[in-house]
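Contents: one structure, followed by commentary.
Here, each number is a calculation from the coordinates, and none is a lab measurement. Computed from a predicted model, the values in this text were never measured in an experiment. Counting neighbours? That spans all protein chains shown, and the Cβs are built from the backbone with ideal geometry, glycine included.
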Amino acid sequence: MTEVGSARVSRLGISARDMAQIAVFAALIAALGLPGAITVGFSGVPITLQTLGVILAGAVLGARKGTAAVAVFLALTLIGLPLLSGGRTGLTALAGPSAGYLIGWLPATLVIGLLTARILPKYPIALGLLINALGGIVIIYLFGTIGLLLRTDLGVGAAITTNFAFIPGDALKVVVATVVAKSVHRAYPGLIRT
């Protein structure tokens, strides 16, 4: 550890504060899995609150710390911790139809974080909604659709239309994440280094 300014920084350039924020958001994603999941349609892909945590990680922490939080969470599930909704592990999810959605969490958080950094310090609500929808819906659905094509017998049209059942809930998550991110960035400017 070296001293940079008033913060102690590890060799990787991550301060203790950064590590704490990463851990808190990984825990938030895990906690959002506690209410369980609702499986809709025939695809076997559940509706969960965990994507709200993924969107929040990018929108609040930015690309570097947000993606790290999601990576920590996914690593914990891959070593066997049942942190995914319904008590699933990462290996169980990756073997099933929701594999693509789960993998899509990383690029979604990265894109949300990179674009959010560009609209700070103001964080206009309309742009925040657009950014969070791009990452939290479009990117995750793109990866999810590819996963459905690889893991199920669905055709392209059926894999795409499977996503329609998730849109209302995910749109609500985007709105909630945007309002929360706006409030956080107003209260703690500089949380994302631009």
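Data overview
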item: Rounded tilt (10° steps) of 99-119 against the dominant C-alpha axis of the chain; result: 40
item: Top positive-direction residue, dipole computed over the chain with Cβ charges, set Ala93, Ile55, Leu142; result: Ile55
item: Two-site label geometry, Leu172 and Ala75: point separation in nm, points 7 Å out along Cα→Cβ; result: 3.4
item: Estimated FRET transfer efficiency (Met19, Thr39; beta-carbon r; R0 30 Å; 0.05); result: 0.30
item: Angle in degrees between helix 140-151 and the longest Cα principal axis of the chain, rounded to the nearest 10; result: 40
item: Segment 85-103 versus segment 144-194: alpha-carbon centroid distance in Å; result: 16
item: Ordering of 30-37, 59-66 by packing [mean C-beta count within 10 Å, highest first]; result: 59-66, 30-37
item: Label-point gap, in nm, between Arg118 and Ala187 - each point 7 angstrom along Cα→Cβ; result: 2.8
item: CD proxy at 222 nm, helix term only [per DSSP H run n ≥ 4: -39500 (n - 2.57); per residue of the chain; nearest 500]; result: -18500 deg cm²/dmol
item: Overall form of segment 15-185 per C-alpha gyration tensor (a/c, 1.5; a/b vs b/c); result: oblate
item: Relative contact order, percent, the chain [alpha-carbon distance under 8 Å, six or more residues apart]; result: 23
item: Label point distance in nm, Ala126-Val180, each placed 7 Å from Cα along Cα→Cβ; result: 2.5
item: Shape of segment 87-194, Cα gyration tensor, a/c cut at 1.5; result: prolate
item: FRET E, pair Leu134, Arg11, Förster distance 35 Å, beta-carbon r, rounded to 0.05; result: 0.55
item: Degrees, to the nearest 10: 167-187 long Cα axis against longest axis of the chain; result: 0
